[in-house]
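What follows draws every value from the coordinates through simple rules; no lab data is involved. Treat the numbers as computed from the prediction; the structure is a model and nothing was measured. Quick reminder, even Gly has a Cβ in these numbers, built from the backbone with ideal geometry, and neighbours come from all protein chains shown.
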């Protein structure tokens, strides 16, 4: 019951509560045993109390990608975002977004039970308590009530930021201070795609039977990409390798890749698009990596031939052959920016062994379905890839449950996995300090 | 494992075991933090150990409504009633009812696996151990057994009482002493409806994904009744309000209500039916509230027009326009008594986040289905209302799971909710004292 | 979290980890309270931590029947066997079997996700790490890797033994020392049936909603056999009784049984088949019981008439009327050896309240389906019996959940149940010593 009581305490003051000393000690012990370059000890993937600590220390304290403006194009549009024990309302306003805890201050009912919708004021479906878009309680019909002060019962707020059309939320009282800096880093890469002027072509929610960290680890390496036949058509087979670790049989591919990279760099320079790799996954609180890479084949998009999947370029782009710009953010998101579409991915933990992965395909606002793009064709590669990744994640979750599991070594091509784990362990060390 | 060991201890001596000192301390801490007039701290709705404490301190010590005689009209008829970890057999006998734990004394098998049935002796389906209707072991075929004393292996018994056709059970060694007093209070209200001479027209079991206390809280107020369009046809829109807290726009309704009340009071006086409100929800151990109120429209029954739903009056009633007599009992039941039918409701907790709600519609024994009443029409209003309530309860359970949940204020029209919570916290204080 | 941390420690050194001192103390306390001749205290059937202790102290330290050679007839054939948190690969080799933990040493993925199959090397589906049939890591493509020593990353091994066509596995570093002795006991009984030369006619997996010990207890008595109408056709109604505890109304049957036994003994002597009862269920670490008994009716097989179910005799048997030779092994298996088929049963615990029961029907290698036997007819008696047993086990699990459960007395005809519980408590005492 220690955890429950702790949760209660959490509901009083700061939402991102501190762990009990016993919990902190256990996590510290496990972190101390971690061997650099190796996967985590099993309880990090299987233990419900460590999951609770993750919700506090990671998802309760850091900036999370929640949605893009394309999902909430007009003021009044909202999405609800659920992870761990939380439910948040992300509401578009005239000025930007408001982020509100989806918990009525009267009897605790979920205020907006739908995943998405449009609303003026927020009216709880139980007793019609009515909140403004800012979360202020503006109406609570209460016959004969005299001493009731509405000002004390606003919906609890969280932080929200919009950068280049992406909406970020943070539950902490004091969000990580480096976000402005990081926003400044990625904004130039994303701005030309004008996500705010795109629209949702398709959104897929899948539940993976695996801990959220296994979902992220799987995302952070392409060592397993032989298991992605559809995706492999678009990627150079040398993806994820770097100078010096290219095996002999891939040297020709590597050279072709280098040539394509040079050509892409030339185009980017011409169009004023940034090209440099950003490699700060575990060197800052708001960990980030960006890279722009050519695609194989026609080099335009994630199709079997490499040709475009939508006829309309995004934003003010002027060329289809821009490869993909990929952004990885700690702790729970990744993005592919192509000339003709953008794909956003967010991992929302459900519990210690289940994670919701939400994938959203965005196309130009004026792209017409059936004319400029076909939804099935547009989404084919990553729908398949997601299903394959789900299988990989679930294989690992099963393994972590076995007493025979022992942390294994990350290979050189898995350096981003190691970076993710480094970032995670640093954050958790701070949390349990 | 502390809880499990405690359960084991429970199986030895008194069934309603005492909590461990650590558990008691945690509950006390949470009770001490409770702010009068506010909902409970989240763990009361979400924590499995507090649920276990509820099973001991509330459902293990108090009188519970289990069924009506209409469900077990003949000697030998039985229902099995399950809540929390318990399974009980409620068996009609020539004299009244026997209440027996549904656990064979040989290998622990469930003796009667069905929800309802008719039986002479009780024969366990595993090895045919046979018990009398009183629970005595009367046959245990056991080749060559010499030292086996059947007298030591009677089914464990619980207390059972029948009042005005309602069956109450209590697991405690010493049931609350005020039950006779309370039976004396409610018997005059129920007797004229002659529940013992009614029969079951329909029974509905629904599982609500919410803690049993949220089910009860929802039952104890009509502040949310805008969410019950079918029920709203029968109720005066001022239901749940009292003199002095009637909002201006409802004053006309209030006056119409007052007139209807006066007329109803006149009829009751004429027929010798009690009319006074009983308001003892949190002022005694066996908390109770009774009120008789007029219904809107034709004022006869829970239909859209207020007209009767069965052509046969119950018992020795002589008028259809008797409004509804409602009885609320702590901890888990409520009742509507109408001239043409009675509805009983019982909430049986399953675990900390699930509750079975059993609703039973009773009509006069001589009412003929298809002639005197139509089942769908009879049950429509409360079937719909139950589904709406299920949704409300589930919205609140979701909210209580969030660290953003904070106990909220009960409004004046929610005074019965506050009374339920007062009763609950008093009982639990005693339990963990 | 104590358990989780303990599991982690388990993954480091010895797989069959020691319990924490607190856990051990709790189990000791419960064992001390056990009354000889009575079923176990409820937590042994319901508590997840005691289940974890069972996995360590029983399933982590003893020999378990895993499969028969008929399931893996050729080198390269494998089955995967899952119980509790474990997944094991049982792989047929030229020499016998290899038993390997089904957990990749790289990222922990399940190496072989299928229940059965044929393979050369073992290739993990995630990153293609490739292991030899002995579990050695022979290939891990890893671009640019320099310091990686494959020799450190072999699949973890467990012990495997093949006796008379049955495959046994043991996870302990030092398996019980008496296995050779026990193999010497049962080998003569099984050898004539030549299980290694049989093949699988049918395999059934059912999940019983009950603790594995309830599954075993149910298997170890026929006091409940009135609940098995199909099986009752084959068994003498005196099964499980012994001289002196035969009730008067069964004396005629007993005498007929004795006659049939004498005739069977005569045939066995003629064919050189062992007949003596082995009764060592709780007198050694590798507990065993063997008995050969006549079947009722035609006395040939488990059919309604007692007639043969397959036209082909197994092995070098020369007579259909050999009754059944039954072997019971602690902790989780039992076997029926008939002249025309063999049935193997293994209980694989899933968690504290679920157990997989795998039943496999083996016929002579040259028996042709549809010609020599019909699958539905062959499997009818035990398919039905298994479903009935599932129901019995589930009735008991429900009962054990009730605080009203109290350990009940085993009858004389349940002496094998008592032997199982004796064996279990002795083993657990050693484990928590």
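Between residue B:139 and residue B:433, what length in nm is gained on full extension when 0.36 nm per residue of separation is reduced by their alpha carbon distance? Can you show the working numbers first?
On the way: separation 294, 0.36 × 294 = 105.84 nm, distance 4.32 nm.
Value of the extension gain: 101.5 nm.
The stretch A:220-266 and the stretch C:378-399 have Cα centres spaced 57 Å apart. Other protein chain C-beta atoms within 10 Å of residue C-beta, averaged over A:389-399: 5. Within the protein assembly as shown, the percentage of alpha carbon pairs spaced more than 55 angstrom apart rounds to 34%. Can you give the average number of partner chain beta-carbon atoms within 10 Å of each beta-carbon in peptide C:129-138, as a whole number? Averaged over the peptide's residues, the number is 0. What whole number of Å gives the distance from the Cα centroid of the stretch C:124-171 to the Cα centroid of the stretch A:57-86? For the stretch A:57-86 versus the stretch C:124-171, the Cα centre distance is 44 Å. Applying 1/(1 + (r/R0)^6) with r as the Cβ-Cβ distance of residue C:366 and residue C:319 and R0 = 25 angstrom yields a FRET efficiency of 0.90. Do the sum for chain B: with -39,500 (n - 2.57) for every DSSP H run of n ≥ 4, divided by all residues, what is the mean residue ellipticity at 222 nm, to the nearest 500 deg cm²/dmol? So the helix-based figure for chain B works out to -9000 deg cm²/dmol. The alpha carbon gyration tensor of chain B gives principal lengths a ≥ b ≥ c with a/c of 1.5 or higher and a/b no greater than b/c, which makes the shape oblate.
Compared with the dominant principal axis of the Cα atoms in chain A, helix A:179-190 is inclined by about 40°. Counting from the shortest, the label point at residue A:48, 7 Å from Cα toward Cβ, is 0.5, 0.5 nm from the same position in each remaining copy.
Label zone (residue B:271, point 7 Å along Cα-to-C-beta; backbone nitrogen cut-off 18 Å) within the stretch B:354-387: B:362-367. Taking the label point 7 Å along Cα→Cβ, residue C:177 and its counterparts in the other copies are spaced 6.6, 6.6 nm apart, in ascending order. Packing-based ranking of A:62-68, A:129-135, B:136-142 yields A:62-68, A:129-135, B:136-142, ordered from highest to lowest mean Cβ neighbour count within 10 Å. The stretch C:200-432 has equivalent-ellipsoid semi-axes of 29, 22, 17 Å, by the square roots of 5 times the alpha carbon gyration tensor eigenvalues, sorted largest first.
Here the peptides A:88-97, B:240-249 are ranked by packing, the mean other Cβ count within 10 Å, and the order with the highest first is A:88-97, B:240-249.
Could you calculate the FRET efficiency of residue B:29 with residue B:132 from 1/(1 + (r/R0)^6), where r is the beta carbon distance between them and R0 is 56 Å, rounded to 0.05?
0.75
Hey, got the average number of other protein chain Cβ atoms within 10 angstrom for residues in C:407-416? Write down the numbers at each step before the final one.
Values: counts 6, 9, 11, 2, 11, 7, 6, 4, 0, 0.
That works out to 6 on average.
Sorted from nearest, the other copies put their residue B:269 label points 10.3, 10.3 nm away, the label point being 7 Å from Cα in the direction of Cβ. Return one number: the angle in degrees, 0 to 90 and rounded to the nearest 10, between the long axis of the Cα atoms of helix C:375-400 and the longest principal axis of the Cα atoms of chain C. Helix C:375-400 sits roughly 70 degrees off the main axis of chain C. Cβ-Cβ distance of residue B:74 and residue B:376, R₀ of 35 Å, FRET efficiency by 1/(1 + (r/R0)^6): the value works out to about 0.80.
Viscosity 1.306 mPa s, temperature 10 °C: what is the translational diffusion coefficient of the stretch A:369-413 from Stokes-Einstein with a Kirkwood Rh over Cα pairs, rounded to a whole number of µm²/s?
Values: Rh = 13.5 Å.
Roughly 117 µm²/s, to the nearest whole number.
Where does helix C:21-33 land angle-wise versus the long Cα axis of chain C, in degrees 0 to 90, nearest 10? Its long axis makes an angle of about 10 degrees. Could you list the residues of the stretch C:279-299 with an amide nitrogen less than 16 Å from a label point located 7 Å from the Cα of residue C:178 in the Cα-to-C-beta direction? Only C:279-290 fall inside the zone, counting backbone N under 16 Å. Using a 10 angstrom cutoff on alpha carbons, build the Gaussian network for chain C and name the most mobile of C:360, C:286, C:119. Among C:360, C:286, C:119, the largest GNM mean-square fluctuation belongs to C:119. Which whole-number percent is the relative contact order of chain A (Cα, under 8 Å, 6+ apart)? Here the relative contact order equals 20 percent.
Cβ neighbours within 10 Å, averaged per peptide: list B:171-179, A:296-304 in order, most packed at the top. Please list the in-between numbers first.
On the way: B:171-179: 15.9, A:296-304: 19.9.
Answer by packing, highest mean first, reads A:296-304, B:171-179.
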